[in-house]
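Any read-out appearing in this document is the output of simple, stated calculations on the displayed coordinates, not a laboratory observation. Because the structure is a prediction, the values reported are computed rather than measured. No Cβ is skipped: glycine too gets one built from the backbone with ideal geometry, and neighbour counts run over all protein chains shown.
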Amino acid sequence: METIDADIAKIQEERRKKEEIASLTTVTYDSDLYGIGNRFEGYERSIPVNEDEEDQDVGEREVARKLASYTAPKSVMKDLPRGMGGDDDDLGFKKPQKIIDREDDYRRRRLNQIISPERHDAFTDKTPDPSARTYADVMKEAALKRQKEELLREIGKKKKEEEEKKASEKDSGSVPVQPSQKRRNRWDQSQEQDASSKKAKTTTGSDWDLPDSTPGIGRWDATPTPGRVADATPSLSRRNRWDETPTPGRLADSDATPAAGGATPGATPAGMTWDATPKLAGLATPTPKRQRSRWDETPATMGSATPLPGATPASAFTPGVTPVGGVDLATPTPGAINLRGAITPEQYNLLRWERDIEERNRPLTDDELDAMFPQEGYKILDPPASYVPIRTPARKLLATPTPLGTPLYSIPEENRGQQFDVPKEAPGGLPFMKPEDYQYFGALLNEEDEEELSPEEQKERKIMKLLLKVKNGTPPQRKTALRQLTDKAREFGAGPLFNRILPLLMQPTLEDQERHLLVKVIDRVLYKLDELVRPFVHKILVVIEPLLIDEDYYARVEGREIISNLSKAAGLATMIAAMRPDIDNIDEYVRNTTARAFSVVASALGIPALLPFLKAVCQSKKSWQARHTGIKIVQQIAILMGCAVLPHLRSLVEIIEHGLSDENQKVRTITALSLAALAEAAARMVLKASTRGKVLAAFLKSIGFIIPLMDAIYASYYTKEVMFILIREFQSPDEEMKKIVLKVVKQCVSTEGVEADYIRSDILPEFFRNFWVRRMALDRRNYRQLVDTTVEIANKVGVADIVGRIVEDLKDESEPYRRMVMETIEKVVANLGASDIDARLEELLIDGILYAFQEQTSDDANVMLNGFGAVVNALGQRVKPYLPQICGTIKWRLNNKSAKVRQQAADLISRIAVVMKQCQEEQLMGHLGVVLYEYLGEEYPEVLGSILGALKAIVNVIGMTKMTPPIKDLLPRLTPILKNRHEKVQENCIDLVGRIADRGAEFVPAREWMRICFELLEMLKAHKKGIRRATVNTFGYIAKAIGPQDVLATLLNNLKVQERQNRVCTTVAIAIVAETCSPFTVLPALMNEYRVPELNVQNGVLKSLSFLFEYIGEMGKDYIYAVTPLLEDALMDRDLVHRQTAASAVKHMALGVAGLGCEDALVHLLNYVWPNIFETSPHVINAVMEAIEGMRVALGAAAILNYCLQGLFHPARKVREVYWKIYNSLYIGAQDALVAAYPILDDEGNNVYSRPELMMFV
Amino acid sequence: MQLNVRLNTVFIQASDRFNINSQLEHLQAKYVGTGHADLNRFEWAVNIQRDSYASYVGHYPILSYFAIAENESIGRERYNFMQKMLLPCGLPPEREDD
């Protein structure tokens, strides 16, 4: 065995080396995306000889490994590849990225699925066309595939046994064994290729002849799908990953290798693009053919070109294959090579790289040449008449290496319309194409005459154009294209549409946004196509099902929507027929997605419709996979539909219950999980949890969900039953089990019927012994779960029991553990209060908390602070005896060397200030105040902020008069601190100053307040809105305290500054001063200021007026006449901003005084506002329109209508536009009021315009 | 007509991106009675008439006032007004331009 391994390793090593030399890919693939390591890392390099069913797939294992750190058991994770909790740390906007980049291996398996050929629609009357695939065909294929899989496994097993036997017989002789093939990945073809070519070198016969070799998977690969021409290979048609696909989405195809072809020419698949090559190869020696030479990776446009006669680039470049064979040169080689193939990311990068190189090597233009050469001494010659420039390097590359002027060679016809990888302006206003789009849309760049195309081709072209617009276009383009696609869906037909759309969705470089758009297209088109969609159901499902397990929530929703629409369009029978073969697919991925899709079908068409089918599937005798999937469908239905399953619960449970005793363990597990999902009613589920491990975890989990739903009596009974197992499992070393057990305990304990005594006696001792250990605090998830569970238990058994048990641990030596204890205590105490805590416990608690608080070293201090605060607040007056001790600690720590410690101490003061007041410890607080005052010289801003916060808390509770140090000493000390630019300092400081100005302004001389006013002006620049708001309010308080004059003078002066934000805040402050000190104290000075001939000042005054009238509302009626002349002037000013601001002042004024009898002044102002209606600057016109709206409220709609009527039918359109705009807003605002005010219209001929009803009089 | 509509939108976009008029079409759909620069006398009159009848029917005191004046029952009066809302001004006149 070891020798074999060594052999394999050696061969793999060689292969790797070869690969490195062989292609440019090693240089060019993006190391950011694919990592610097081996890019095949994480992929299985070989097929295990004995594929055991229990052995999970690589992808699956990979997922399970990644998910191992999540909270739920692996078995569940396997079902839900998403993270369960909202543990995403990186929420927020992400830049657009390719879907494939964020997918894990499991999800990436979607790319292995192939888009199956369409199937026969059973609902049409005509008999199926022999070439169409019917349900029977598909089922037969599926069965064959399964058989083959089993056969292969058998063979593998037998072989392995033989080998083992041999190996045991003679240890010395090493048996050369074929390197087993790689499996299942489309990116590794080159490897596969290499491997098989190596094989070809070493062996002379076909690989069938080798007695001991693995049945060459390579051979299987060549098996055509049913839609294609059959060939010599046994027509076992398998639609799985090994297959050649008929889709354009695959790299064509190393599998049909010339090597094999050379050996057994008859076996080469016919009808492939490749068949030309094997013919050549047949002549040549079966040499290894390098698959991914860079010629293969030329852009896809080539693929759609007509075959270039004679130009056989593939053969010309294949090392070893002699290109001279002029005879065969006429063979229409697909210049295409594999160009219809999907671009793998490496290829795609190559393309990018190539484009870059070409850009640098482009032909020099005449201008450039002129610049390079001297003007004299050179002559510009005309090119020879026969010269045809080669513009595109891609063709240059193709053209040059032709067998040096071989007689039979002729220069290929050029298609002038063709443009290769030059990203040129796409014709006809098409959007930009990314290189990876060429293979799908390349044909669009051929500017052939559309008239020459057949109608079918034209249709294809049209579809492609529209799709490209949807995919890459601007929003308007996209919108119209989408609409056209929808409108013409039936005209285009389902076939052409889906054949274009679906491959796009399989494109590996697809981005989220693009997928979203394409899915949207499918959605719209589905709706239109309706039953025409039937033959394509499976195709669509293959593409859409992966969305159901996408990690993006919206992708999943979209996927569901599409499948639900699809099932409505195609009908249940078609859906079942399409998906039935996948139910027992050998690939877990296929089964998983199919189950999810089925659940969506169930929700779309109703559960009852699906029940008979589900029943049949769940009882399938043929394969456990079918039963597994069936039961999984039920689980998915439960998850998807939630409580909507209730009506069908009984039938669903009946369908799956036998799964609990299934012979297959996987089926039992999924059944338990499904039951957990169906838990609502499965109250009588029997506790059969006899086995341990994964199954047990699943059982426990489902019980956890079920017990809370039971009646109280049952709940307590079952809890006791389960508890034995749970308690046994408390000691389980398995992390998963721990988490589940904790969760189940939490759920059980919170159930009604479970008694506190029972918990106390039976659960608590074991629980604390096993879980309250230091190790639990180290893992964040364990930590959380344990805290939650303990809090839940405390809710049942009370504070004293729990706190009593853990209080000692507050002095534990492990800090994370202490933190966990503290957090638990905090939550418990906050929930339940501290009344249960007796004197002894109280002492222990305070002692422990003080210890934990003092010993903390980590950065995250909040847990300790919150805990301290919560406990102290809960204890209330009972803390009194301990306060001196606490304050002593605080004082001590305020003096600490470490800034962090000082900050924590200050923060603690603000938490406990209220309780200190309750304990009548005012003297102590005063003392603390003095201490804090002394520390105001603190240099660390974070600490200073906390100290200010603590002072604020003390001032708040003991009041201005009793405050020590006295306010008159405190405030002057704060004035310089206001200069501090640190946000936390500013915020706390301005709060404190504002509080003093509000409550205790009289303790401070006016001069000091003025000084503070100046400092405050600076604060208006703060970034934080809260600070600016507090500052503006403080101006109000100060003005109230010392009278508005001085403050106002300061503020008005500040209007002259340049900074806009500063001026705006000043105007707000002025308005606030006016509001607090009555407008009459402010208005004269303000209006006087308007006389300053300076734009900023005048605008500031106007803005202040605007705010002022907004704040004072009704009070404005006394001042409106006073300010009218000023506003008149402003509304006539040349400056737009004057008029704009005046208009908004008028608006506020009008709204404030509506109904208070100021109409005369308002009409006067309206006359000044009205001429501004023709302004076009958005802000101005907006302000003017709003002023008019205000006037409508104040003057009534009729008055404004009268202004309007003059222009509604004005001969100039521009005038009419504006007037109708005003009319419309008038109409929307006061439709009913206008009825009485409409003008009288005279009847005209037959048309009655008059409204005689209004003339009626009794 | 086509041109007018286009001009209309251009104009609207230029100046009132910020207020309620910014989406004239939407507005028209929501408030049938709103007008535009190409509204003719007949169309406006129809709006006025319909609004008037809606107002009469909507205010009970007015409706009862009309009922007394015409010596009809209130229900009949309401019915009449509703009927008149169908073609309040008769058939639209022939367009002279177009």
Highest mean first, what order results for A:789-799, A:509-519, A:145-155 on Cβ atoms within 10 Å?
A:789-799, A:509-519, A:145-155
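Per-residue mean of other chain beta-carbon atoms within 10 angstrom of the beta-carbon, peptide A:1209-1219? Before the final figure, lay out each step's value.
Values: counts 5, 1, 0, 1, 6, 3, 1, 5, 10, 3, 2.
If you average over the peptide's residues, the count of other-chain Cβ atoms is 3.
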Just going by the charge dipole of the range A:890-1040, with Lys and Arg at +1 and Asp and Glu at -1 on Cβ, which of A:977, A:898, A:1022 is farthest out on the positive end?
A:1022
Taking H placed 1.01 Å from N in the peptide plane, check which residues at least 5 places from residue B:90 or on another chain put their amide H under 5 Å from its amide H.
A:1248
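Quickly rank A:875-881, A:656-662, A:844-850, A:161-167 as a protection proxy: mean count of other C-beta atoms within 10 Å, highest first. Each step should come with its number before you reach the end.
Values: A:875-881: 16.3, A:656-662: 18.3, A:844-850: 20.4, A:161-167: 12.6.
The peptides rank, most packed first, as A:844-850, A:656-662, A:875-881, A:161-167.
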Counting other chain Cβ atoms within 10 Å of each Cβ in B:31-38 and taking the mean gives 6
Distant-in-sequence amide H partners of residue A:1244 (H built 1.01 Å from N, under 5 Å)
A:1249
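Taking 20 Å as the cut-off for C-alpha to C-alpha distance, list the pairs among A:897/A:979; A:10/A:157; A:891/A:917; A:979/A:1025; A:462/A:520; A:984/A:1021 that go past it.
Checking Cα-Cα distances, A:897/A:979; A:10/A:157 exceed 20 Å.
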Mind checking which of A:1220, A:1249, A:1115 is farthest towards the positive end of the range A:1099-1258's charge dipole, using Cβ charges of +1 (Lys, Arg) and -1 (Asp, Glu) about the Cα centre?
A:1220
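With all distinct Cα pairs included, what does the Kirkwood hydrodynamic radius of the range A:459-678 come out to in Å, to one decimal, could you say? Could you put the intermediate results ahead of the total?
Working: mean 1/r = 0.0552 Å⁻¹.
Result for the range A:459-678, one decimal place: 18.1 Å.
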Show me, for the range A:1068-1073, the HN-Hα J-couplings you get by feeding each phi into the Karplus relation (A = 6.51, B = -1.76, C = 1.60, θ = phi - 60°), rounded to Hz, glycine and proline as x.
4, 4, 4, 4, 5, 4
Using alpha carbon centers only, the range A:970-1027 is separated from the range A:1232-1257 by a whole-angstrom value of 65 Å
Residue-wise, which Karplus ³J(HN,Hα) couplings in Hz belong to the range A:1080-1095, taking 6.51 cos²θ - 1.76 cosθ + 1.60, θ = phi - 60°, and x for glycine or proline?
5, 6, 9, 3, x, 5, 4, 5, 4, 5, 4, 6, 5, x, 9, 4
Taking a 25 Å limit on the Cα-Cα distance, which of the listed pairs A:165/A:666; A:952/A:1040; A:720/A:827; A:539/A:666 fall beyond it?
A:165/A:666; A:720/A:827; A:539/A:666
Rounded, prolate or oblate (a/c below 1.5 giving rounded, otherwise prolate when a/b exceeds b/c) for the range A:796-951 by Cα gyration tensor:
oblate
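Given charges of +1 on the Cβ of Lys and Arg and -1 on the Cβ of Asp and Glu, with all other atoms neutral, how large is the dipole of the range B:36-89 about its Cα centre, in debye to the nearest 20? Mind showing how you got there, number by number?
Working: 5 positive and 6 negative charges, 17 e Å.
Around 80 debye, computed over the range B:36-89.
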For residue A:511, residues with placed amide H under 5 Å, excluding near neighbours
A:99
Distance in Å, no decimals, from the C-alpha centre of the range A:537-579 to the one of the range A:1167-1214 is 55 Å
Once phi for every residue in the range A:764-772 is put through the Karplus expression 6.51 cos²θ - 1.76 cosθ + 1.60 (θ = phi - 60°), the whole-Hz ³J(HN,Hα) values, with Gly and Pro written as x, are 3, x, 5, 4, 5, 5, 8, 9, 7
Partner chain Cβ atoms within 10 Å, averaged over the residues of A:1167-1177 - can you pull that number for me?
1
